[in-house]
């Protein structure tokens with residue numbers, strides 16, 4: 001296939017957080033009609049939005065929506081049936097004094113697609129971090145996140161069109177003593193408002209991820225099954241029967257998507273051993289079909305993290321950050337030689353083209369890429385990539401600033 005057309009990187013912000021565009025499971029750019037709204041974090045934890053007018057080919061000024069508590073605030077953006085936007089962001093941690101919003105996300109709404117004015121809707125979450133918010137064809141909001149006490153797992157919550165949160169379900173379980181976990185909770189909507197949820201099983205107790213699993217709901221969150229419709233007992237400990245294909249000893253979930261035939265698409269990477277690789281898997285006709293992605297990169301590069309989407313033409317688009325093959329596991333996080341690449345497929349993920357999209361800066365990593373995710377009201381004619389250029393920082397409240405860039409894909 002021909003390479004997608006990409007724009008020159010545009011400097012969206014010079015005040016970015018060290019996690020400005022982080023957490024690839026979360027959508028950060030939505031086009032509705034002639035407006036694309038994008039969200040990111042300015043240092044340290046400022047929730048920011050900005051809008052691009054496709055008719056005028058111009059960007060708005062930056063809107064300072066809110067200030068969270070640290071660099072894990074991770075704003076998540078979606079579109080509603082009325083042509084507006086919703087955003088969830090915030091919490092990191094539980095009920096300790098000083099934590100943002102007592103461990104709950106804030107949900108806000110813009111009635112226009114440019115995100116110029118926002119109204120508070122509600123608080124939601126239980127010891128919550130890393131929101132992934134989607135809105136279905138009925139205007140119901142669906143949310144997954146890492147939450148709960150002890151060893152947190154993947155939580156799912158549903159908000160009805162009348163504004164009531166009416167369901168809370170714990171989807172995953174790590175049967176370990178209380179301690180740090182990361183679940184990378186991801187949610188995507190297929191036609192008919194079928195939900196697919198994905199999550200991983202990293203814990204400090206194991207010092208690695210045990211694997212990545214996915215479940216589905218055919219009834220908008222009421223019940224959950226395996227991908228073939230088999231019963232699943234929730235919350236789900238890691239079980240290979242529900243696994244998304246993944247390589248290596250420390251597999252991470254990049255993101256989920258849905259192709260134009262309604263098939264679930266998943267990206268997994270292994271950050272413990274870069275040589276184990278990154279896999280793109282499509283659940284087609286009751287079985288996973290998997291393609292190894294590293295061979296499509298230029299020689300000497302290996303994928304670290306990334307996310308996948310499907311654009312209006314049906315192309316599978318994967319944006320990744322990649323590092324030179326000679327780096328060790330401990331060197332890869334935010335290494336200055338990191339660059340962002342776009343992989344594209346027009347044959348359902350069987351083969352890919354690859355091109356570098358970041359402007360090289362030998363002194364700073366180009367990393368933490370994100371691309372517009374699919375959704376019932378997301379216009380994918382011109383997906384927008386965001387990425388961060390700067391140092392990794394230390395801790396949750398580092399003062400370093402980064403550059404935040406955008407790249408259009410056509």
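Read-outs: derived from the displayed coordinates by stated rules, not from any lab. These numbers come from a predicted model, not from an experiment. Cβ atoms come from the backbone with ideal geometry, glycine included; neighbour counts cover every protein chain shown.
A few comments on the model shown:
- Residue of 37, 132, 396 that the Gaussian network model of the chain assigns the largest fluctuation, springs spanning Cα pairs under 10 Å: 396
- Distance between the range 222-245 and the range 255-288 - C-alpha centres, whole angstrom: 16 Å
- Part-to-part distance (alpha-carbon centres) for the range 136-183 and the range 26-40, which is given in Å: 24 Å
- Among 382-392, 397-407, sorting by the average number of other beta carbon atoms lying within 10 angstrom of each residue, highest first, gives 382-392, 397-407.
- Most tightly packed first, judged by the mean number of other beta-carbon atoms within 10 Å of their residues, the peptides 146-155, 301-310, 63-72 read 301-310, 146-155, 63-72.
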